[in-house]
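Trainee: Below is one structure. I have some questions about it.
The values are calculated or read from the model by the stated rules, or taken from the named source; none is laboratory data. Quick caveat: nothing in here was measured; it's all calculated off a predicted structure. When we count neighbours, we look across all protein chains shown, and the Cβ atoms used for this are built from the backbone with ideal geometry, even at glycine. Note: accessible area is taken over every heavy atom of the protein model, side chains too, but ligands, DNA and RNA are not part of it. Shrake-Rupley method; radii C 1.70, N 1.55, O 1.52, S 1.80 Å.
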Amino acid sequence: MERTVFNAAQLQILDLMSYVESEDTLNEIRDMLSNYFAQKAEKAIDKLWDSGQINDSTIEGWKKEHMRTPYKSKQ
């Protein structure tokens, strides 16, 4: 079995999670983290938009893009 090694940030979060005593608190923390990462993604997308790396035609292209994993059929 492979051993998991945590970095300093992960250890700090694990330590803080020891104070979580209810599912409601856990849900609040989950929502805060979701919002945090959603805001970071939004800022990154805005930066790409402002720099001209993505535009309306890029987004239209994404609508038609198929990025499924190709599977070989079993015969």
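Trainee: Hey, can you tell me all the residues within segment 1-47 that are hydrophobic (A, V, I, L, M, F, W, C), assigned to a helix (DSSP H, G or I) and either open to solvent by 70 Å² or more (accessible area, probe 1.4 Å) or in contact (Cβ under 8 Å) with a residue 24 or more places away in the chain (or both)? Quick ask: steps written out before the conclusion?
Mentor: As a first pass, look at segment 1-47 and keep what is hydrophobic (A, V, I, L, M, F, W, C): 1, 5-6, 8-9, 11, 13-14, 16-17, 20, 26, 29, 32-33, 37-38, 41, 44-45.
In the following step, the residues that additionally are assigned to a helix (DSSP H, G or I) were identified as 8-9, 11, 13-14, 16-17, 26, 29, 32-33, 37-38, 41, 44-45.
Of everything in segment 1-47, those that are hydrophobic (A, V, I, L, M, F, W, C), assigned to a helix (DSSP H, G or I) and either open to solvent by 70 Å² or more (accessible area, probe 1.4 Å) or in contact (Cβ under 8 Å) with a residue 24 or more places away in the chain (or both) turn out to be ALA8, LEU11, ILE13, LEU14, LEU16, MET32, LEU33, PHE37, ILE45.
Trainee: Which condition does ASP50 not pass, out of (1) surrounded by fewer than 10 Cβ atoms within 10 Å (Cβ to Cβ); (2) in a helix (DSSP H, G or I); (3) at pLDDT below 95, if it passes all the others?
Mentor: If we test ASP50 against (1) surrounded by fewer than 10 Cβ atoms within 10 Å (Cβ to Cβ); (2) in a helix (DSSP H, G or I); (3) at pLDDT below 95, just (3) comes out false.
Trainee: What do you reckon, is THR58 assigned to a loop (DSSP other than H, G, I, E, B) and either among the aliphatic types (A, V, I, L, M) or without any contact (Cβ under 8 Å) to a residue 12 or more places away in the chain (or both)? It would help to see each step written out before you state the result.
Mentor: On the way: assigned to a loop (DSSP other than H, G, I, E, B): no; either among the aliphatic types (A, V, I, L, M) or without any contact (Cβ under 8 Å) to a residue 12 or more places away in the chain (or both): yes.
Against the criterion (assigned to a loop (DSSP other than H, G, I, E, B) and either among the aliphatic types (A, V, I, L, M) or without any contact (Cβ under 8 Å) to a residue 12 or more places away in the chain (or both)), THR58 does not qualify.
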